[in-house]
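Input: a single structure, listed below in structure tokens.
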Amino acid sequence: MSETESDTDIAESHRSPGACRAEAGGTLKAIYERRSVRAYSDMPVTREDVELLLDAAIHAPSAVNSQPWAFAVIQQREALTRYAEEGKKLLLGEPPNVEVVESGLPNIDRLRQMASGADFALFHRAPALIVIYATSIEGVSDCYLAAQNLMLAAWAIGLGTCPIGLARPLFNQAEVKTELEVPLDWSAALPIAVGRPAGETPPSSRRPAQIVAWK
Ligand SMILES: Cc1cc2nc3c(=O)[nH]c(=O)nc-3n(C[C@H](O)[C@H](O)[C@H](O)COP(=O)(O)O)c2cc1C
């Protein structure tokens, strides 16, 4: 180590190339600084901000520009509380259905244990939830691209987000779709909690990219 090399320099040299270049700002900064936020202030998300997020979402690419997405925006506190409770009950019910098992979270038993705690809030008490529905079965992957656009745009305007895969079974229930006026053949791709973060969220770790081939 040179006499002038500090701990900070060493930490810097171990950061990923993208993270270093993110300091320039713009898209890379959003990619590296977005977090799944699990603590929100009560401040409502304005209609203007929701519209901005949806507009960012629909600018995602989609197969043959099919744009197979639609959005349910839920902001009424009563509805959010009720859906959070119903979703939690569904999650804790026996046995876990396929939707729950495929919710994008690996250890379902551990998660169900966590969800059984009195403090557990399925949407992390966010003041808004945006559910992205796929309007065709093949459209689900396009909806995930829309979801990422939405989350990065939210970061850019100072809002936090958290994907809530665990709530997918709830939003795929016929009664809930009917209540939201969602056609029964649409599929809930990803509910996303949105709101102003309460405090800082530390970054989560990443394994290095596993490169299996580079020919
Ligand atoms: C498909 C999907 C489903 C997720 N479902 C949940 C969820 O139900 N509840 C939750 O708190 N976080 C959920 N997450 C957030 C992940 O836990 C989070 O993205 C991961 O731990 C990495 O952290 P980061 O987003 O802050 O980088 C989900 C993420 C994805 C992509």
Give me the residue from region 157-168 that is touching a strand residue (DSSP E or B) at 6+ places or on another chain (Cβ under 8 Å) and more than 22 Å from residue 52 (Cα to Cα) and, out of that set, nearest to the ligand (Cβ to nearest atom). 165
Filter region 185-215 for residues that are surrounded by 10 or more Cβ atoms within 10 Å (Cβ to Cβ) and of a type in the set (A, V, I, L, M); the one that is nearest to the ligand (Cβ to nearest atom) is 190
Scan region 156-184 and report the pairs whose first residue is on the phi > 0 side of the Ramachandran plot and whose second residue is modelled with pLDDT of 95 or more, with Cβ atoms within less than 8 Å and a gap of 6+ or a chain change. 158/196
Expected single match for charged (D, E, K, R), over 15 Å from residue 72 (Cβ atoms) and over 14 Å from the mean Cα position of the chain (by Cα) among 179, 138 is 138
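Return yes or no: is residue 169 closer than 17 Å to residue 37 by Cα and in contact with a Gly (Cβ under 8 Å, 6 or more places away or on another chain)?
Working: closer than 17 Å to residue 37 by Cα: no; in contact with a Gly (Cβ under 8 Å, 6 or more places away or on another chain): yes.
Criteria not met by residue 169.
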Of (1) within 21 Å of residue 124 (Cβ to Cβ); (2) buried (at least 17 other Cβ atoms within 10 Å of the Cβ); (3) at pLDDT 95 or above; (4) not basic (Lys, Arg), residue 56 satisfies all except one. Which? (1)
Unique match (being part of a loop (DSSP other than H, G, I, E, B), on the phi < 0 side of the Ramachandran plot and in contact (Cβ under 8 Å) with a residue 12 or more places away in the chain) among 208, 203: 203
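The values are calculated or read from the model by the stated rules, or taken from the named source; none is laboratory data. On a predicted model such as this, the values are computed, not experimentally measured, just so you know. Note that we place each Cβ from the backbone using ideal geometry, even for glycine, and neighbour counts take in every protein chain shown.
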